[in-house]
Amino acid sequence: MNNLRRLDLNLLVTLDALLAEHNVTRAAQRLNFSQPAVSVHLAKLRAIFDDPLLLPGPRGMRPTARAEQLREPLRQALAALELAVTPATPFDPAVATDTWRVAAFDYGESTIVLPALNGLRTAAPGTRLAVLEIAPARLAKRAEQGEIDLAFHTREGAPSGLRQRTLFSERYVLVGRVGHPKLHARLTPAQFCQLEQVMVSPDGGGFYGMTDRALADVGLTRRVVLSVPHFLFVISVLTQSDLVAMLPERLVRNQPLLQRLEPPLAVPGFEMTMLWHERSHRDPAHRWLREHIVRSV
């Protein structure tokens, strides 16, 4: 408590800038302070924490172990304080100039981002949207750091620690080109297993998935002859060959060159969810974007 009484907000803001820039001059420019003022703040901080905090290094200043311990708690505390003192104002999409960043696989791009796009451009013409590759292992961290606003992921395997909202439930159908010589309405499981098939393996190179698990439960295996990392490439493959695929139904609803059939055995579907960090949960612009997407899918 004694140390807390000796601190003021300017010192904490200066420390945050120094830990980000590792340079007194750049920190001063970032804060619109003079370099001597930042140096005075650094001297006070060193006395309060009884630690040099930043030491001269070959490429600027190098943070001490104590400074590294302070970095993340300090960033979170300042972010919370900024949120606390910023007055909430209604969001007007017609005049907004936000840049939103969403992370999605190509399936999410086609079934969530694309249906929302026209309405987004009409309602909020001054905004921009960046669609980024999704990296599930880094998703929670990127959302926490503000690098992404939203992510679209299956409920199964979605990272913990993020808020979720279910957008829709999806099911699998058997898909092949119109006029495929071996596709007819009542395929048996054995006939299905004889078809040459393509599957999507997001991690790359896999030949075993949800359909194969369902088949294994009844003692069957299918012929997967092609594995690809993206759903949209599968569409091209199916229209130009006699390969077939088990695909999410929403992905192929508007593909006139493809026909959809009920698979000869039940394959579990999945739920698509929208994910975001607590830090943006109450932000009026972010809330508007989330509601727009929910209405669009």
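The values are calculated or read from the model by the stated rules, or taken from the named source; none is laboratory data. Computed from a prediction, not measured in an experiment: that's the story for all the values here. With ideal geometry, Cβ positions are generated from the backbone for all residues, glycine too; neighbour counts draw on all protein chains shown. The area values use the complete protein model at the heavy-atom level, side chains included, leaving out ligands, DNA and RNA. Shrake-Rupley method; radii C 1.70, N 1.55, O 1.52, S 1.80 Å.
Can you tell me which of V237, V38, V102 moves the most in a GNM of the chain? Springs connect C-alpha atoms under 10 Å apart. Its mean-square fluctuation being the largest, the pick is V38.
With R₀ fixed at 30 Å, the C-beta to C-beta distance from T99 to E278 puts the FRET efficiency at about 0.90. Considering the chain as a Gaussian network with a 10 Å cut-off on Cα pairs, which listed residue, P56, P181, P248, attains the greatest mean-square fluctuation? Largest GNM mean-square fluctuation: P56.
Could you tell me what percent of the accessible area of the chain is made up of carbon and sulfur, with a 1.4 Å probe and every protein chain present?
Here it works out to 52 percent.
Multiplying the residue separation of C193 and D92 by 0.36 nm and removing their Cα-Cα distance gives an extension gain of 30.9 nm.
The 1.4 Å probe gives accessible areas that order S280, S236, largest first, as S236, S280.
For volume of the Cα convex hull per residue in Å³, the value calculated from this model appears in (i) 146; (ii) 127; (iii) 186 under label (iii).
Between S241 and A130, full extension at 0.36 nm per residue minus the direct alpha carbon distance yields a gain of 36.6 nm.
Tell me, what is the FRET efficiency for A84 and T122 to the nearest 0.05, using R0 = 35 angstrom and their Cβ-Cβ distance as r?
0.55
Note on M210: accessible area approximately 60 square angstrom, rounded to 10, probe 1.4 Å, nucleic acids and ligands left out.
Averaging the sequence gap over all C-alpha pairs within less than 8 Å and six or more residues apart, then dividing by the number of residues, gives the stretch 22-79 a relative contact order of 27 percent.
With the cut-off at 1.5 for a/c, could you classify the stretch 70-158 from its C-alpha gyration tensor as rounded, prolate or oblate?
Oblate, since a/c reaches 1.5 and b/c is not below a/b.
Between the beta carbons of H292 and A266, assuming R0 = 30 Å, the FRET efficiency works out to 0.30 to the nearest 0.05.
Exposure here means at most 14 other Cβ atoms within 10 Å; with trypsin sites (Lys or Arg not before Pro) in a DSSP loop as sites, the longest stretch of the chain lacking them is 60-154. Subtracting the Cα-Cα distance of D50 and A77 from their residue separation scaled by 0.36 nm leaves 7.6 nm.
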